[in-house]
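Since the structure comes first, as structure tokens, the remarks are kept for the end.
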Amino acid sequence: MKVAKTFILMITGGLLSCILLSSQRSVWAQEADQGGWSAPEEANSDAKTVKAHPMDISGCWSGTVTDTGDGSGTPTFEFHQNGNRKKLVIGSRFNFEWPDEAMAEGPMKGSVTSTGFTFKGNAGATCKVSGSAVGDDTTLTGSIVFTGKCADIFQDVTFSITPGC
């Protein structure tokens, strides 16, 4: 009787092992002389996307700003980012200057992604500024929209900036 129970337990354990092993299917890729690899089928069917980190644009950036009325001038951005680099925080500023002495400058806040930044600020109570740029850690190119009293002066404003001032 003891032998029969032991035999039944062994067969049941063997069957359970077969069931468990067959339910855990794997994908195999192998070349004869080059080794191989394997992964559970689920790992290959659900490709994981890695979210890119926001760029580190901290510091001073400058370049060229162009306005339909004033022509080319110089933009300067001072970027301060929070710890995870997603936000532009206190201390972030913009400054646009043209040779005809037109200018706009003030504080800004905004957000940073892996491909650029967006911002809002003001150059005084009656001049709101918003803009965005795309690029990489060597060059950012964008546009700026002025509203309020300064919208008549600054129109179709674009800029291109690089690190350093």
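The values are calculated or read from the model by the stated rules, or taken from the named source; none is laboratory data. This one's a predicted model, so the numbers in the text were calculated from it and none came from an experiment. Cβ placement follows ideal geometry from the backbone for every residue including glycine, while neighbour counts extend to all protein chains displayed.
Could you say whether any residue in the stretch 44-52 is closer than 25 Å to V129 by Cα, at pLDDT below 95, out of contact with any Gly (no Cβ under 7 Å at 6 or more places or on another chain) and not aliphatic (A, V, I, L, M)? Even if it seems obvious, please write down each step before you answer.
So the first thing to find is which residues in the stretch 44-52 are closer than 25 Å to V129 by Cα, and the list is none.
Within the stretch 44-52, none of the residues are closer than 25 Å to V129 by Cα, at pLDDT below 95, out of contact with any Gly (no Cβ under 7 Å at 6 or more places or on another chain) and not aliphatic (A, V, I, L, M).
Which condition number in (1) under 30 Å from V50 (Cα atoms); (2) surrounded by 13 or more Cβ atoms within 10 Å (Cβ to Cβ) is the one that K128 fails?
Against the list (1) under 30 Å from V50 (Cα atoms); (2) surrounded by 13 or more Cβ atoms within 10 Å (Cβ to Cβ), K128 comes up short only on (1).
Taking the condition within 19 Å of T162 (Cα to Cα), at pLDDT below 95 and under 21 Å from the mean Cα position of the chain (by Cα), does D137 pass?
Against the criterion (within 19 Å of T162 (Cα to Cα), at pLDDT below 95 and under 21 Å from the mean Cα position of the chain (by Cα)), D137 qualifies.
Under 6 Å between Cβ atoms, at least 6 apart or on separate chains: pull out the pairs that start in the stretch 53-77 with a residue that is charged (D, E, K, R) and end on any residue that is part of a strand (DSSP E or B).
D67/V157
Residues that are among the hydroxyl-bearing types (S, T, Y): which strands (runs of 3 or more DSSP E) entirely in the stretch 52-130 hold 2 or more of them? Break it down into steps so the answer makes sense when it comes.
Values: elements: 59-67, 71-79, 93-97, 103-112, 116-122.
Strands (runs of 3 or more DSSP E) meeting the threshold: 59-67, 71-79.
Working carefully through the options G71, G131, find the one that is of a type in the set (G, A, S), at pLDDT below 95 and either under 24 Å from F154 (Cα atoms) or in contact with a helix residue (DSSP H, G or I) (Cβ under 7 Å, 6 or more places away or on another chain) (or both). First the steps, then the outcome.
Details: G131 fails: at pLDDT below 95.
None of the other options fit; the residue is G71.
Which residues, counting only those in the stretch 131-165, are assigned to a helix (DSSP H, G or I) and crowded, with 18+ Cβ neighbours inside 10 Å?
C150
Return yes when V129 is under 22 Å from the mean Cα position of the chain (by Cα) and among the β-branched types (V, I, T) and no when it is not. Reasoning before the result, please.
Numbers: under 22 Å from the mean Cα position of the chain (by Cα): no; among the β-branched types (V, I, T): yes.
Taking the combined requirement at face value, the residue does not satisfy it.
Would you tally the residues in the stretch 110-126 being of a type outside the set (A, V, I, L, M, F, W, C) and either modelled with pLDDT under 95 or more than 11 Å from the chain's Cα centre (by Cα) (or both)?
Taking the stretch 110-126 first, the residues of a type outside the set (A, V, I, L, M, F, W, C) are 110-111, 113-116, 118, 120-122, 124, 126.
Then keep just the ones that are either modelled with pLDDT under 95 or more than 11 Å from the chain's Cα centre (by Cα) (or both); that gives 110, 118, 120-122, 124, 126.
Final tally of qualifying residues: 7.
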